[in-house]
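Read through the structure below, which is laid out as structure tokens, and then see the notes.
All of the numbers you see were taken from the coordinates with simple rules; none came from a lab. Since this is a predicted model, take the numbers as computed values, not measurements. Please note: Cβ atoms are built from the backbone with ideal geometry, for glycine as well, and neighbour counts cover all protein chains shown.
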């Protein structure tokens, strides 16, 4: 077991890794909802989904609706970039296609995922049918092959989309070389799919898929701009993440302005997590070089934030935008889901990219470690009366006559750090600890405990002991309970050190005859106040609300700051009337606490 006090960073790394692993194993996926409506005609239709509807099965979605005329769904699913087609083909049940049929419950395709192209076969009796698919909106993610045809869709605006001539004018290389095929409906034959002719006055309809080939030129143009979410397709803060970076990139040959608008989510489908509201989203602003903090721009519902980008390839053609969640504004019950849709549009009116954004209300439970920096202390300075010659005046009892007592609180020459270890339970009842043991228990669960005995003996090298040496040591290591709620306001506790505590009382020197708290025979214990004093430390943590800067608002559940106040009372000999002689000293400063573990229960070892 490491006995050093500097294991906080190492332990935080262990805890974060374990937390991420546990989150991945939990399998819980929060979602927010958009309905994509796709017009279909009888026969074969090419469809591209911008929403992920994998929360339900195709049988539940289609077979359960007697009015739904869809007979079959085929998903284009090439196993690798090396699998391609030279020409649009009639779908064959090969490794390139996953299929679902209304008459086959064991179909290879069971659920609809987003960013995928599908062929949908509709019965011949309806002339037209609007297929509504409710799912989670996800940002586009394309893989382009130069060795064949690409079966893709474009995230154009839902109403009044551009035609291909307008749409491709921003990408001259693609416009000059593109072969584009579309499905007009009806049976598959030599004219279905059909090649768009050179005029290309054909709308780039959102939700429709096309076969596209552009020779040997690699293409990354799927609209005037693209969004990169750093390996994700949605912005999910959950309970632990506070920021999310997105790169907005101009893919066109002209300047374009991109706007982000926060929209409410639709109602979730039956059986899905209830949504309590829209997440309080922030956009990181410019840096303040006075205090080196970033501004925070609230992104309110139906309000927009815009960025103007230079043409592709030029300086300023891309921008990193950092979104954050205002944790202090998530005032719902722990575990509640706030969700919405972040829609990115361009000034040309061509593209609308939707991505889900969500956050789960967290708690402040767990283990918090930090320090108070004491920078102000109370004085105890006496001044005495003097005569005309400047000599002190004595009273009748022989003592000098007091003129004034200065107990003011003034700045200390140098700040002094005091480590703070606080555990906050689920119910907001916090406690102060002299030391804590962090690691795995015999069941390999992550714990925070009052004694090493609670830890797994085989994992002691990975465990940590964190100590606060300014607090009195005891074998039991009983925590001091705070009064007040840890989430807001102030919390207070009192730490006592007995006058005869040789392990912690600074007035005692066990091997010094004048300070060992023993009489002249070294046999009887001296009374309190003769050589040593009882010490009471009333410690108050006054929690600050988050500041207005971006970092403070998004770190609400990971970092807490505030004012530190300590009143030290030294208790000595009894006075007449039964009270004890006392003297008080005050220490003040600022504190910072960082949550290093989300473990809500402190393991108390007898």
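Take the Cα of residue 382, go 7 Å toward its beta carbon, and the backbone nitrogen atoms of the stretch 579-606 under 14 Å from that spot belong to 582-584. Across all C-alpha atoms in the stretch 566-606, the radius of gyration and Dmax reach 18.9, 51 Å. Segment residue 160..residue 460, full-extension length gain: 101.5 nm, with 0.36 nm per residue of separation and the alpha-carbon distance subtracted. Using C-alpha pairs under 8 Å with a sequence gap of at least 6, the mean separation divided by the residue count of the chain gives a relative contact order of 13 percent.
Out of every Cα pair in the stretch 325-414, what percent are spaced more than 14 Å from each other? Value for the stretch 325-414: 81 percent of Cα pairs lie more than 14 Å apart.
Working note: Debye formula, equal point scatterers on the alpha-carbon atoms of the stretch 244-397, no solvent; log10 I(q)/I(0) at q = 0.14 Å⁻¹ is -0.89. Helix-only mean residue ellipticity at 222 nm, the chain, DSSP H runs n ≥ 4 weighted -39,500 (n - 2.57), per residue, nearest 500. What is it? Roughly -1500 deg cm²/dmol at 222 nm, from the helical runs in the chain.
Spherically averaged projected area of the convex hull of Cα atoms, the stretch 182-272: 11.2 nm².
Sorting the segments 353-365, 305-317 by their residues' average number of neighbouring beta-carbon atoms within 10 angstrom, most packed first, yields 353-365, 305-317.
Cβ crowding within 10 Å, taken as a proxy for footprinting-reagent exposure, orders 290, 493 from fewest neighbours to most as 290, 493. Taking the DSSP bridge list for the chain and keeping only pairs wholly inside it, about 95 percent are antiparallel. Modelled spin labels at residue 502 and residue 427, positioned 7 Å past Cα toward Cβ, are 4.0 nm from each other.
Given their separation in residues at 0.36 nm each and the Cα-Cα distance between them, residue 144 and residue 310 gain 57.3 nm when the chain is fully extended. What is the Cα centroid distance between the stretch 384-430 and the stretch 542-599, reported in whole angstrom? Computed from Cα coordinates, the inter-centre distance equals 18 Å.
With only the Cα atoms considered, the stretch 34-213 has a convex hull volume of 123 Å³ per residue. Per-residue Cβ neighbour counts within 10 Å put 50, 502, 376 in the sequence 502, 376, 50, beginning with the fewest.
Listing 244, 222 from fewest to most neighbouring C-beta atoms within 10 Å gives 244, 222. A simple packing score, the average count of other Cβ atoms within 10 Å per residue, orders the peptides 34-47, 455-468 as 34-47, 455-468, with the highest score first. Summary of the geometry: the stretch 251-295 and the stretch 149-174, compared by the centres of their Cα atoms, lie 26 Å apart.
For a label point 7 Å from the Cα of residue 406 along Cα→C-beta, name the residues of the stretch 556-596 whose backbone N is under 19 Å from it. Answer for the stretch 556-596: 584-588. Note: relative contact order over the stretch 34-213, using C-alpha pairs below 8 Å and six or more positions apart, is 34 percent. With both labels modelled 7 Å from their Cα along Cα-to-Cβ, the residue 331 to residue 220 distance reads 4.5 nm. Computing Rg and the Kirkwood Rh from the Cα coordinates of the chain gives a ratio, Rg/Rh, of 1.17. Against the main long axis of the alpha-carbon atoms of the chain, helix 8-26 sits at an angle near 40°.
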